[in-house]
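The values are calculated or read from the model by the stated rules, or taken from the named source; none is laboratory data. The model shown is predicted, which means the values in this text are computed figures rather than measured ones. Heads up, the Cβs are rebuilt from the backbone with ideal geometry, glycines too, and the neighbour counts pull from every protein chain shown.
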Amino acid sequence: MSLAGEYSNWVEIDLEAIEGNVRQCLQRTGAQVMAVVKANGYGHGAVPVARAAVRAGATWCGVARLDEALELRQAGMDCPILILGATPVQRLREAIAARVSMAVWEAGQVRAAAEAAAAVGQPARLHLKVDTGMTRLGSEPEDAPELARQLASTPGVVFEGLFTHFARADEEDLAPTDEQTRQFRLVLDQIETAGVRPPLVHAANSAAGLACPAACFDMVRVGIALYGLHPSAECQLPEGFRPVLSWKSQLTQIRVTPPGRGVGYGHAYVTRKLERIGVVPVGYGDGYRRVPGNRVLVGGRVVPVVGNVCMDQLMVQLDEVPETRVGDEVVLIGRQGQAELTAEDLGAIWGTFSYEVVCGLSARVARVSIG
Ligand SMILES: Cc1ncc(COP(=O)(O)O)c(C=O)c1O
């Protein structure tokens with residue numbers, strides 16, 4: 001399929017791959033799956049991803065912010081949704097009215113949610129977040145049992161879940177994750193002893209879900225694996241997961257240039273001989289980074305990006321693929337014939353990781369669902 005006639009560049013989102021990845025997580029963890037679709041579904045498009053994930057058996061969606069939850073509700077999605085981050089007190093009523101569950105870690109948040117619930121006339125669904133070693137959001141473990149009792153006994157509040165988040169589950173050495181799991185288990189034991197265990201206990205992200213069965217509890221919160229991307233070089237997805245996103249464009253012009261010709265802003269590249277330079281309508285305005293060493297696929301081969309990446313365009317050196325013509329497909333992430341460039345490869349060139357590559361795709365890049 002080519003969408004070159006319609007778009008300068010676009011990403012193709014393989015929804016069957018999303019479904020397959022969800023099924024892999026269900027089978028491998030034996031727990032419920034929360035599809036983490038924050039940041040516009042890691043750049044893939046939150047609504048189609050969430051729909052595909054739920055079709056395949058995910059029971060929850062996870063987001064970072066209220067507006068992301070409301071986007072799913074406005075699209076008609078009825079499944080439980082948890083806001084993993086903070087919800088501003090001014091917007092508690094909106095969240096409650098939309099039946100969106102929220103994370104809390106302080107007594108004041110529980111009281112504020114109860115007041116908002118009374119005003120709306122609907123319950124506030126809350127998950128207690130305990131910090132077991134991430135030093136981000138969460139209560140101290142020793143404060144959690146008292147907070148759990150408060151959550152269980154406050155009118156208007158449904159104590160729906162207890163959770164934590166791992167800092168180092170994507171590393172080869174799982175000792176830090178085992179230690180966080182141990183801390184979390186101690187908190188859970190105390191909460192169970194107090195007779196106030198909520199129905200959903202969850203801790204694992206993709207890496208922990210796949211590598212640490214003891215961390216799976218009732219539900220795993222799966223982000224990167226849903227998109228078929230490896231959590232890290234040390235924590236690779238097993239067979240059966242498939243990447244979901246391909247980023248494509250086409251050659252809009254081919255210049256045949258004599259030696260000594262400067263290419264693009266600052267003439268960061270100067271031709272060395274008679275060269276074919278292709279122009280591709282992708283730039284840093286689309287989320288493609290302006291760094292040296294970029295490569296793309298053209299004509300089934302890896303070719304270098306030359307000169308500085310512009311806001312809307314970049315230039316490639318086509319000497320390795322002399323048969324290419326204007327209109328030929330350019331792949332920035334994905335496969336072309338036998339060749340492949342992954343989000344992980346691009347992350348390595350950009351000095352970052354795949355999460356940031358896909359989340360950085362800008363709004364103007366069309367997301368086209370396939371499958
Ligand atoms: C609280 C929480 N849970 C789960 C996830 C999913 O993590 P991953 O994409 O590594 O599976 C995230 C993502 O950062 C998160 O912040």
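Please verify whether Arg91 is modelled with pLDDT of 95 or more and away from the ligand (no atom under 16 Å from the Cβ), treating the condition exactly as stated. Talk me through it step by step, then tell me what you get.
Numbers: modelled with pLDDT of 95 or more: yes; away from the ligand (no atom under 16 Å from the Cβ): yes.
So Arg91 fits the description; yes.
Starting from region 13-32, keep only residues that are within 29 Å of Trp247 (Cα to Cα), then list their pairs with residues that are among the hydrophobic types (A, V, I, L, M, F, W, C) and at pLDDT below 95 whose Cβ atoms are within a distance under 9 Å, requiring at least 6 positions of separation or different chains.
Ile13/Ile370; Asp14/Ile370; Leu15/Ile370; Glu16/Ile370
Each row is one residue, and each column tells you yes or no for (1) out of contact with any Pro (no Cβ under 8 Å at 6 or more places or on another chain); (2) aromatic (Phe, Trp, Tyr); (3) part of a loop (DSSP other than H, G, I, E, B).
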position: Asp143; (1), (2), (3): yes, no, no
position: Arg182; (1), (2), (3): yes, no, no
position: Ile191; (1), (2), (3): no, no, no
position: Pro198; (1), (2), (3): yes, no, yes
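For region 41-57, enumerate the residues that are small (Gly, Ala, Ser), part of a loop (DSSP other than H, G, I, E, B) and farther than 14 Å from Arg221 by Cα.
As a first pass, look at region 41-57 and keep what is small (Gly, Ala, Ser): 41, 43, 45-46, 50, 52-53, 56-57.
Checking which are part of a loop (DSSP other than H, G, I, E, B) leaves us with 43, 45, 56-57.
Matches in region 41-57: Gly43, Gly45, Ala56.
For residues that are assigned to a loop (DSSP other than H, G, I, E, B), in contact with a strand residue (DSSP E or B) (Cβ under 6 Å, 6 or more places away or on another chain), within 14 Å of the ligand (Cβ to nearest atom) and closer than 28 Å to Glu106 by Cα, tally how many sit in region 58-86.
Counting residues in region 58-86 that are assigned to a loop (DSSP other than H, G, I, E, B), in contact with a strand residue (DSSP E or B) (Cβ under 6 Å, 6 or more places away or on another chain), within 14 Å of the ligand (Cβ to nearest atom) and closer than 28 Å to Glu106 by Cα gives 1.
Suppose we filter region 20-40 for residues that are within 10 Å of Leu226 (Cβ to Cβ), assigned to a helix (DSSP H, G or I) and under 15 Å from the mean Cα position of the chain (by Cα); how many remain?
2
Filter region 223-233 down to the residues that are out of contact with any strand residue (DSSP E or B) (no Cβ under 9 Å at 6 or more places or on another chain) and small (Gly, Ala, Ser), then identify the one that is nearest to the ligand (Cβ to nearest atom).
In the first step, residues of region 223-233 are kept if they are out of contact with any strand residue (DSSP E or B) (no Cβ under 9 Å at 6 or more places or on another chain); the result is 225, 230-233.
Filter once more, keeping what is small (Gly, Ala, Ser): 225, 232-233.
Numbers: Ala225: 6, Ser232: 9, Ala233: 14 Å.
Going through the qualifying residues, I end up with Ala225.
Which of (1) out of contact with any Phe, Trp or Tyr (no Cβ under 9 Å at 6 or more places or on another chain); (2) surrounded by 19 or more Cβ atoms within 10 Å (Cβ to Cβ); (3) part of a loop (DSSP other than H, G, I, E, B); (4) hydrophobic (A, V, I, L, M, F, W, C) does Val330 not meet, given it meets every other one?
Val330 satisfies all of (1) out of contact with any Phe, Trp or Tyr (no Cβ under 9 Å at 6 or more places or on another chain); (2) surrounded by 19 or more Cβ atoms within 10 Å (Cβ to Cβ); (3) part of a loop (DSSP other than H, G, I, E, B); (4) hydrophobic (A, V, I, L, M, F, W, C) except (3).
Given the condition closer than 26 Å to Val47 by Cβ and acidic (Asp, Glu), answer yes or no: does some residue in region 89-97 qualify?
Yes, region 89-97 has at least one match.
Going through region 233-264 one residue at a time, which ones are surrounded by fewer than 18 Cβ atoms within 10 Å (Cβ to Cβ), among the aliphatic types (A, V, I, L, M) and either in a helix (DSSP H, G or I) or under 20 Å from the mean Cα position of the chain (by Cα) (or both)?
The one that is surrounded by fewer than 18 Cβ atoms within 10 Å (Cβ to Cβ), among the aliphatic types (A, V, I, L, M) and either in a helix (DSSP H, G or I) or under 20 Å from the mean Cα position of the chain (by Cα) (or both): Ala233.
From the residues in region 42-57 that are among the small types (Gly, Ala, Ser) and in contact with a Lys or Arg (Cβ under 9 Å, 6 or more places away or on another chain), which one is nearest to the ligand (Cβ to nearest atom)?
Restricting to residues being among the small types (Gly, Ala, Ser) and in contact with a Lys or Arg (Cβ under 9 Å, 6 or more places away or on another chain), the top hit is Gly43.
What tally of residues in region 203-222 results from selecting those that are small (Gly, Ala, Ser), in contact with a Pro (Cβ under 9 Å, 6 or more places away or on another chain) and near the ligand (Cβ under 8 Å from one of its atoms)?
So the count comes out to 2.
Name the residues in region 24-35 that are within 16 Å of the ligand (Cβ to nearest atom) and out of contact with any Cys (no Cβ under 8 Å at 6 or more places or on another chain), would you? Spell out how you get there, then give the answer.
From region 24-35, those within 16 Å of the ligand (Cβ to nearest atom) are 24-26, 28-29, 31-35; that's our starting set.
Listed by number, the residues that qualify are Gln24, Cys25, Leu26, Arg28, Gln32.
With respect to Arg168, is the statement that it is outside any helix (DSSP H, G or I) and more than 27 Å from the chain's Cα centre (by Cα) true?
On the way: outside any helix (DSSP H, G or I): yes; more than 27 Å from the chain's Cα centre (by Cα): no.
No, not satisfied.
I'm told Glu160 meets every condition in (1) assigned to a helix (DSSP H, G or I); (2) in contact with a His (Cβ under 7 Å, 6 or more places away or on another chain) except one. Can you identify the failing condition by its number?
(1)
Report the residue count in region 265-283 for those that are more than 10 Å from Asn308 (Cα to Cα) and in a strand (DSSP E or B).
Applying the first criterion (more than 10 Å from Asn308 (Cα to Cα)) to region 265-283 yields 270-282.
Still in the running and in a strand (DSSP E or B): 270, 275-280.
Count: 7.
Based on what the data block shows, is Ala117 in a helix (DSSP H, G or I), farther than 30 Å from Ile18 by Cβ and in contact (Cβ under 8 Å) with a residue 12 or more places away in the chain? Don't jump to the end; show me each part of the working.
Numbers: in a helix (DSSP H, G or I): yes; farther than 30 Å from Ile18 by Cβ: yes; in contact (Cβ under 8 Å) with a residue 12 or more places away in the chain: yes.
Considered against the rule, which asks whether it is in a helix (DSSP H, G or I), farther than 30 Å from Ile18 by Cβ and in contact (Cβ under 8 Å) with a residue 12 or more places away in the chain, Ala117 comes out as yes.
Would you confirm whether or not region 21-37 contains a residue that is surrounded by fewer than 24 Cβ atoms within 10 Å (Cβ to Cβ), of a type outside the set (D, E, K, R), more than 19 Å from Asp218 (Cβ to Cβ) and modelled with pLDDT of 95 or more?
no
How about region 87-114: which of its residues are within 18 Å of Ala144 (Cα to Cα), charged (D, E, K, R) and part of a helix (DSSP H, G or I)?
Across region 87-114, the qualifying residue is only Arg111.
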